[in-house]
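Remarks on the structure that follows.
Rule-based calculations on the coordinates, nothing more; no lab input. All figures in this text were calculated on a predicted structure; none of them were measured in a lab. Quick reminder, even Gly has a Cβ in these numbers, built from the backbone with ideal geometry, and neighbours come from all protein chains shown.
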Amino acid sequence: MDFEDLYQEVILDHSRRPRNFGEMADADYHVSGENPMCGDEITLHVKFDAADNVEAISFTGNGCSICMASASMLTQKLKKKSRAESQELLDSFTGMLTAEQEPPPDKRLGDLQLLNGVRKFPLRVKCATLAWHALEQALQKPAAKETRFSDEDETPA
Ligand code: ZN
């Protein structure tokens, strides 16, 4: 199986059957993000335990296959992770997609590394990073239980 096949299989599988998809009534934070360029809209639901680890994480919403697959894999990856580990994964993943030079592979990312190819398509990078920007806000423990943001393209055409 070559990279393209593996990419297709994993991304399509996650977008068709997203993992940890659903509401979480007792979540500490509900962070909603939208990517207007593509029409992606997702909400990340995060609950921390007493030791500040990610106790539970799920997401809801609608997006393209890259957005849904990235969010689905994020929730699988982040469960039970400490705040520091979560931040490291966040930095590693967003770094992989936004660095000038392709960074060395990071095994901690697992299947998320398959999204590396998205870096060649700047308009799709926001699809892949939307859930991660939501995670970034949750990790900062905002004052409000529910927050909302938009990943507008800040560079004028
Ligand atoms: Zn998208």
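What's the number of the condition Glu102 fails, among (1) under 11 Å from the mean Cα position of the chain (by Cα); (2) more than 24 Å from Pro36 (Cβ to Cβ); (3) of a type in the set (D, E, K, R)? (1) is the only condition that Glu102 fails.
Looking at the structure I just gave you, is Ala50 buried (at least 17 other Cβ atoms within 10 Å of the Cβ), more than 25 Å from Leu6 (Cα to Cα), without any contact (Cβ under 8 Å) to a residue 40 or more places away in the chain and of a type in the set (Gly, Ala, Ser)? Walk me through how you get there before you give the answer.
On the way: buried (at least 17 other Cβ atoms within 10 Å of the Cβ): no; more than 25 Å from Leu6 (Cα to Cα): yes; without any contact (Cβ under 8 Å) to a residue 40 or more places away in the chain: yes; of a type in the set (Gly, Ala, Ser): yes.
So Ala50 fails the test.
Can you tell me which residues in the range 56-76 are surrounded by 20 or more Cβ atoms within 10 Å (Cβ to Cβ) and touching a strand residue (DSSP E or B) at 6+ places or on another chain (Cβ under 9 Å)?
Within the range 56-76, the subset surrounded by 20 or more Cβ atoms within 10 Å (Cβ to Cβ) is 57-59, 61, 63, 66-75.
Matches in the range 56-76: Ile57, Ser58, Phe59, Gly61, Gly63, Ile66, Cys67, Met68, Ala71, Ser72, Leu74, Thr75.
When residues in the range 79-109 are screened for being surrounded by 13 or more Cβ atoms within 10 Å (Cβ to Cβ), in a helix (DSSP H, G or I) and not β-branched (Val, Ile, Thr), 14 of them pass. Sort out which residues of the range 19-68 are part of a loop (DSSP other than H, G, I, E, B), small (Gly, Ala, Ser) and in contact with a Ser or Thr (Cβ under 7 Å, 6 or more places away or on another chain), and write them in order of number. Gly22 - this is the single residue of the range 19-68 that is part of a loop (DSSP other than H, G, I, E, B), small (Gly, Ala, Ser) and in contact with a Ser or Thr (Cβ under 7 Å, 6 or more places away or on another chain). For Ile11, the stated conditions hold: it is within 16 Å of the ligand (Cβ to nearest atom), within 26 Å of Gln87 (Cβ to Cβ) and in contact (Cβ under 8 Å) with a residue 24 or more places away in the chain.
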